[in-house]
1. Search region 139-150 for residues being touching a helix residue (DSSP H, G or I) at 6+ places or on another chain (Cβ under 9 Å) and outside any strand (DSSP E or B), and hand back the single one that is surrounded by the fewest Cβ atoms within 10 Å (Cβ to Cβ).
2. Taking the criterion of being out of contact with any strand residue (DSSP E or B) (no Cβ under 6 Å at 6 or more places or on another chain), under 23 Å from Ala143 (Cβ atoms), assigned to a helix (DSSP H, G or I) and not assigned by TED's automatic domain parsing to the domain that holds Arg321, would at least one residue in region 215-235 satisfy it?
3. Could you grab me the full set of residues in region 378-393 that are over 17 Å from Met447 (Cβ atoms) and in contact (Cβ under 8 Å) with a residue 40 or more places away in the chain?
4. Sort out which residues of region 395-435 are modelled with pLDDT under 95, of a type in the set (Phe, Trp, Tyr) and part of a loop (DSSP other than H, G, I, E, B), and write them in order of number.
5. For region 317-333, which positions are crowded, with 18+ Cβ neighbours inside 10 Å and either in a helix (DSSP H, G or I) or outside the structural domain of Asp377 (by TED's automatic domain parsing) (or both)?
6. Do any strands (runs of 3 or more DSSP E) lying entirely in region 21-111 carry at least 1 residues that are under 26 Å from Trp290 (Cα atoms), and which ones are they?
7. If a residue must be among the aliphatic types (A, V, I, L, M) and assigned to a loop (DSSP other than H, G, I, E, B), how many such residues does region 252-296 contain?
8. Does at least one position in region 272-286 carry a residue that is outside the structural domain of Trp385 (by TED's automatic domain parsing), under 21 Å from Val374 (Cβ atoms), in contact (Cβ under 8 Å) with a residue 40 or more places away in the chain and small (Gly, Ala, Ser)?
Amino acid sequence: MSNKKCIRIAWPTPLPRLYTAPMALAWLRRDLRAQGNPLLEDGALPVYVHDPSAAGDWAPGGASAWWLARSLEALARYLPALRVLPGPAEEVLPRLAAEVGARAVRYTPAFEPWRRAEEARVLSALARAGVAAVPTQGAYLFAPGSVVKADGTPYRVFTPFYKACVALLEVPGTAPPRCADGQRVPRAGAEDVSFVCPPARWQAKLAQHWTPGESGARAALARFTQGPLPRYAADRNRLDIPDAASRLSPHLAWGEISPQEILTAVWGRPGAEAFIRQLIWREFAAQMLWHFPDMPAAPLQPAFARFPWARDEGALEAWRRGRTGEPLVDTAMAELWETGTMHNRARMVVASFLTKNLLQPWQDGQRWFWDTLVDADLANNAFGWQWVAGCGADAAPYFRIFNPRTQAEKFDPTGAYRDRWAPALSPPPLVDLAASRARALAAYQDMRA
């Protein structure tokens, strides 16, 4: 990629002039950073409204709720004026605007169906209260629904989507501005965020592996750009090289760092092109969710609604607990339970094992990841599970099945990944790989018949 280009974010219309007086509210959702946050310009009052009931089935899971609470605590240290309030947002924001004399509420347009519904309720309530709603740049490089084919329909294949996005990326930007001094005015006492995520013993160990908040995000970015980035293309699938990954995904999930800042940091460096491709995969998943809001529940390929799953709660529980008898699968599930994350290559392997070898519905695996991943993201999670299950947006003309043993030989050749996370005792294999593969292929042919 050329160093001569500059980043132009593809938001379709000029942003409205930001309000300076009286004060605006900055409605934070997946924008939990003080620096480089356009919502906070001109001294806007930051507010996070916590309302799990609005999310329905997709309220933050155990791991991401822990991250959210810690991220809000970290943000409050940067922004002592931060308000963290229980919802619903359509009641809280008009009331708070009236209390502080704000004439506008800034927000970033959402991709998730439940957030879009919440957004519509909030905008309606603000309009009734005479408060302006001001959209601004969001947690993605491209606005919802803005990257489409010439005929206006959504891309369903990644490569042409990727090429369209690259054509829109034009410059490196500048360092993110620091937050305004007015947002650092101390308040009496610290903001209480305990209601966001009550303490739980399982979550306590996550702090040994992660530093939520924007300082942790920038430290992760600095480590990645100064170390693994040049070898990213060669090493990113290696399970036995843990430092090859960027470890930025949970920071991106909550907007502790923006994709624009990451893009600026890596642009023109050796290894950047392969990494930018992964950032655009994230954009692809978000755009797919925008166009297909049922993606977390329904297969993108309608024929898969007829797939003959072999529901087995015992098999599902063995998979969740890493007791399948397949070393790589059990190792990866142990890593997830201990750290709240899993290497991306391992995610594909365990998802394939669940949906193909065990013939369990992809929605069940998606739900477990939602509860246990610190980087749980509705678009990425649903898109990834559908891709592996074979029912998603995928140009491959075959029913992909990952063999966990050959995957281990190829991507954990030194055994370092196994040695670090493998359970001490392993049960006998739950299924025969060859027989279960044949069963999956037969089920696929039955569905197509």
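The values are calculated or read from the model by the stated rules, or taken from the named source; none is laboratory data. These numbers were taken from a predicted model, which means no experiment stands behind them. Positions of Cβ are generated from backbone atoms using ideal geometry, with glycine treated the same way; all protein chains shown enter the neighbour counts.
1. Looking at residues that are touching a helix residue (DSSP H, G or I) at 6+ places or on another chain (Cβ under 9 Å) and outside any strand (DSSP E or B), I get Lys149.
2. Yes.
3. Across region 378-393, the qualifying residues are Leu378, Ala379, Asn380, Asn381, Ala382, Phe383, Gly384, Ala393.
4. Hits for region 395-435 are Tyr398, Phe399.
5. Ala318, Trp319, Arg320, Pro327, Leu328, Val329, Asp330, Thr331, Ala332, Met333 - these are the residues of region 317-333 that are crowded, with 18+ Cβ neighbours inside 10 Å and either in a helix (DSSP H, G or I) or outside the structural domain of Asp377 (by TED's automatic domain parsing) (or both).
6. Ranges flagged: 24-28, 45-50, 104-107.
7. So the count comes out to 2.
8. yes
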